[in-house]
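Peer 1: A single structure is presented below for examination.
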Amino acid sequence: LKSGVNSLATITGLTEYYDLIMIALSIIVAVYVVYGGIIAVMYNDAFQAAIMFIGMAVILVVTYSYFGGVTAGNSALVDLWDTNFSHVWDSLGSSTGTLDGFNGWTNFSSFGSKEWMTVVTTFLLGVGIGALTQPQLAVRFMSAKSDRDLNKSLLVGSIFMIVIVGSAYTCLLY
């Protein structure tokens, strides 16, 4: 809510009305959730997911077209570390900013290294599995009409995550 108010106040130039905008949006959200219930919240989530999906798909297409295709874009991603950061680390005289086991943006970390432990415990376990156990998501799973609906949502969710994560990595190229 706060980031939405920050964006709205900055874009409109109404920063002096920040508190008033915060109160107004809080009331709108409260009314929407109270009168709409879980269905309204799920429609809202679906709308936000659609916006994110379309935005990230556009970023993916624009990035690859900017670099001349998928192969050229992936090559640019491989070269990203040496091109953009090597001079910083050389000036510091070390590989500051990375953990032991970092093998670049396109290679997985060395097994058992600090980098590997960070990736596995935060991204894979924390986000990949941990997200499924969050109470607000468990309520949505329980509200599904059937197991068939859950299976359909698995396919949609997988495609969504591939586009979002894939697009996020191509953003590093800019």
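The values are calculated or read from the model by the stated rules, or taken from the named source; none is laboratory data. From a predicted model like this one, the values you see are computed outputs, not experimental measurements. All Cβ positions, even for glycine, are placed from backbone atoms using ideal geometry, and neighbour counts span all protein chains on display. Note: areas computed on protein heavy atoms with side chains; ligands, DNA, RNA excluded. Shrake-Rupley method; radii C 1.70, N 1.55, O 1.52, S 1.80 Å.
Peer 1: Please go through segment 111-126 and pick out each residue that is under 18 Å from the mean Cα position of the chain (by Cα) and either at pLDDT below 70 or closer than 19 Å to Gly101 by Cα (or both).
Peer 2: Those that are under 18 Å from the mean Cα position of the chain (by Cα) and either at pLDDT below 70 or closer than 19 Å to Gly101 by Cα (or both): Thr118, Val119, Val120, Thr121, Thr122, Phe123, Leu124, Leu125.
Peer 1: Checking the conditions here, which among Val29, Val62 is under 26 Å from Phe160 (Cβ atoms), open to solvent by 50 Å² or more (accessible area, probe 1.4 Å) and without any contact (Cβ under 8 Å) to a residue 12 or more places away in the chain?
Peer 2: Val62
Peer 1: Which one of these does Trp81 not meet: (1) in contact with a helix residue (DSSP H, G or I) (Cβ under 6 Å, 6 or more places away or on another chain); (2) modelled with pLDDT under 75?
Peer 2: Of (1) in contact with a helix residue (DSSP H, G or I) (Cβ under 6 Å, 6 or more places away or on another chain); (2) modelled with pLDDT under 75, only one is false for Trp81: (1).
Peer 1: A further question on this structure: Condition check: surrounded by 14 or more Cβ atoms within 10 Å (Cβ to Cβ) and either in contact with a strand residue (DSSP E or B) (Cβ under 9 Å, 6 or more places away or on another chain) or part of a helix (DSSP H, G or I) (or both). Does Ala46 satisfy that?
Peer 2: no
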